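Read the structure below first, then the notes.
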Amino acid sequence: MNKDFNSQYRDKLINAEQAAKLIQSGDVLLYATFLGRPVEFDNELAKRGQEINDVQIFCCGTMAEPIMQTPLQGPEKFTCNNWFFGVQDRRLHDQGNMFYMPIQFSQLQDVISNETFRIDYYVQQVSPMDQYGFFSFGPANTYSFEGCLKATKVILEVNENIPRIPGGSEDSVHISMVDYIIEGNNTPLFELPPAKQPTEIDQKMARLILEEIGDRSCLQLGIGALPNLLGELLCEAGLKDLGIHTEMYTDSMTRLFQEGVATGKYKTTDRGKIAFSFVLGTRKTYDFMHQNPLMASHCGRYTNNPKVIAMNDRVVAINNIVQVDLFSQICSESAGTRHISGTGGQLDFITGAWYSRGGKSFLCLSSTYKDRNGEIHSRIAPILTPGSIVTTPRTAVDFIVTEYGKARLKGKPTWERAEMLIEIAHPQFRDQLIQEANRMNIWRRTNRI
């Protein structure tokens, strides 16, 4: 390692407590996304809740473990604003200690770089410095470099458990851009719990989608049992030379490469590589990605840009949703007024898939759900539950998939969309949906399903 880099490193080295004491009332902080969120720094900053007030923290997906401590001090101390909710974030939001910020992931960096967005400190967990003076953003790229450029001061929290993941673009920061370095306790990275055993419903939907995927398709898979199951089925389907261009990298994608299914040979962008912006998986996946030339770590402005996505042929984007109404409006991020996740990159990839030659996007949901009292409700509803957020407008929707079938809605009139959605609804609710479609004047048929 260059001696000058070593000396710079030593000069900028402080502990987490010292770093937290730099923060004053009224400061604005930006934390890195998901696995890059600082742990030691946040723990120490939370201890200063009796001394400071009105500190704003912007973040994105804080992860269930270890729990982010600053929001627990209350919004009068730390106002925590979050671009994407996980399980812990939902709980904090329900308690009034976390607030949601609507955003499409492709626009995050533009929001951060805007002159109206102020950042006093940018803070992120990173890999140890290499011989050239660079710290890898590892599994949390998204807006990291933009945050470093915009902030008045940059604080890095070095964690030996962060894999060094090569570029890509904007995948690391040089020590010359860093103001303070913390050597923490090397907190283990959060790992997603084992995927739930796929249900019969998951299996039916996965097979319906599998029929639409051909050789040389370029995949974006979301999180959850269905995308993981689809990844498993793709390994057994005999498909060849798939590509991966995704927002989130998951365990199932590792197997697609290891089985020789995903080669990326025929991608237009990042040919021969897997392009992604952030990672959520298990330690096995984090180790697989470490110093792996296969990986192309990019900022969200690149991975989620519909124009970049569309440069690849046969893009297949697969995402889960919460509810769809008979007008084909999609809610993926709230249950009524209760916010549960975020817009994320769903609309980015739906748009990119549409403009991709041979591209397709799939929005998937089980036809029903049970409430706390065990009562069954249809996820295909006449209108969205009051207060529900429209994540994807009806003008952008391509395929909707339930266990009862798939409906390609793009270009269809309202009456035909209603008919097609009712055909893939649970049979128990179809008559009721027909009556509502009639009442709303979007039902053409005189016969009943």
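A few comments on the model shown:
- Elements of type helices (runs of 4 or more DSSP H) in region 1-86, at least 1 residues being hydroxyl-bearing (S, T, Y): 3-12
- Of the residues V308, V316, the single one that is closer than 19 Å to G222 by Cβ, assigned by TED's automatic domain parsing to the domain that holds D398 and assigned to a strand (DSSP E or B) is V316.
- A single entry from S328, S366 fulfils the requirement of being on the phi > 0 side of the Ramachandran plot, in a loop (DSSP other than H, G, I, E, B) and not aliphatic (A, V, I, L, M): S328.
- Criterion violated by T343 - all others in (1) surrounded by fewer than 21 Cβ atoms within 10 Å (Cβ to Cβ); (2) in a loop (DSSP other than H, G, I, E, B) satisfied: (1)
- One residue stands out among those in region 177-219 that are modelled with pLDDT under 95 and over 26 Å from the mean Cα position of the chain (by Cα): the one that is surrounded by the most Cβ atoms within 10 Å (Cβ to Cβ), which is G184.
- Check on E236, free of Cβ contacts under 8 Å to residues at least 24 places away in the same chain and either surrounded by fewer than 15 Cβ atoms within 10 Å (Cβ to Cβ) or farther than 29 Å from P306 by Cα (or both): yes
- Test: R372 is without any contact (Cβ under 8 Å) to a residue 24 or more places away in the chain and over 26 Å from R439 (Cα atoms): yes
The rows are residues; the columns are (1) at pLDDT 95 or above; (2) among the aliphatic types (A, V, I, L, M); (3) within 22 Å of the chain's Cα centre (by Cα).
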{"residue": "Y121", "(1), (2), (3)": "yes, no, no"}
{"residue": "Q124", "(1), (2), (3)": "yes, no, yes"}
{"residue": "K153", "(1), (2), (3)": "yes, no, no"}
{"residue": "P166", "(1), (2), (3)": "no, no, yes"}
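- Residue in region 84-107 that is of a type in the set (S, T, N, Q) and surrounded by 23 or more Cβ atoms within 10 Å (Cβ to Cβ) present: yes
- In a residue-by-residue description of region 220-232, the property of being among the hydrophobic types (A, V, I, L, M, F, W, C) and modelled with pLDDT of 90 or more applies to no position.
- Only one of T62, T33 that is surrounded by 14 or more Cβ atoms within 10 Å (Cβ to Cβ), closer than 30 Å to Q131 by Cα and touching a Gly at 6+ places or on another chain (Cβ under 7 Å): T33
- None of G358, G352, G387 is part of a helix (DSSP H, G or I) and in contact (Cβ under 8 Å) with a residue 24 or more places away in the chain except G352.
- Only one of R10, R37, R91 that is among the basic types (K, R), closer than 27 Å to S277 by Cβ and without any contact (Cβ under 8 Å) to a residue 60 or more places away in the chain: R91
- Filter pass, Y132 being assigned by TED's automatic domain parsing to the domain that holds P66, out of contact with any His (no Cβ under 7 Å at 6 or more places or on another chain) and within 23 Å of F190 (Cα to Cα): no
- Per this entry, R283 is not counted among residues that are basic (K, R) and at positive phi.
- Contact map, region 95-120: residues that are on the phi > 0 side of the Ramachandran plot paired with residues that are in a loop (DSSP other than H, G, I, E, B), Cβ distance under 7 Å, separation 6+ or inter-chain. Pairs shown: G96/P75.
Residues checked against (1) within 24 Å of Y266 (Cβ to Cβ); (2) aliphatic (A, V, I, L, M):
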| site | (1), (2) |
| --- | --- |
| R301 | no, no |
| K307 | yes, no |
| V322 | no, yes |
| E333 | no, no |
| S341 | no, no |
| G345 | yes, no |
| F349 | yes, no |
| G359 | yes, no |
| L365 | no, yes |
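The values are calculated or read from the model by the stated rules, or taken from the named source; none is laboratory data. Everything numeric in this text was worked out from a predicted model, so none of it was measured. Please note: Cβ atoms are built from the backbone with ideal geometry, for glycine as well, and neighbour counts cover all protein chains shown.
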